[in-house]
Amino acid sequence: MKNKYLMIIAVSFASSSFGNILNDWSNDNLCGWMESSSTPEHIQKEVSEREIICFGGVEVSSLPVSGNSISKNGTVFASPESSQLQQLQSYADEGDNQVMGTSY
């Protein structure tokens, strides 16, 4: 019975010491995690509770206005750089002459 009480006391101290682990984190630290592909749920919750607006891994006062990415023909994607187009064209020009195992 005594061990049971000691265990309960130990667990209550351990849980309270980890409860406020994100209080010392800055808003920019939390926003950095929001850029991750698998942001932990407790960090998402903290950002929501603090009502932080994150963009590019840092806290911002408002989100930047971006141009319309939808046209009458569908979604508009950014054009590749000309150097990338030239490289793709050179690969296409090789056609059947490419050696197996070379990268595109």
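Laboratory data are not the source of any read-out in this text; all were calculated from the coordinates shown. Only a predicted model underlies this, so the values are computations on that prediction, with no experimental measurement involved. Don't worry about glycine lacking a Cβ; one is built from the backbone with ideal geometry, like all the others, and counts go over all protein chains shown.
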Subject >> Length added when fully stretched, N23-Q86, from 0.36 nm per residue minus Cα-Cα >> reply: 17.6 nm
Subject >> Ranked list, fewest to most other Cβ atoms within 10 Å of each Cβ, for L30, L85, L22 >> reply: L85, L22, L30
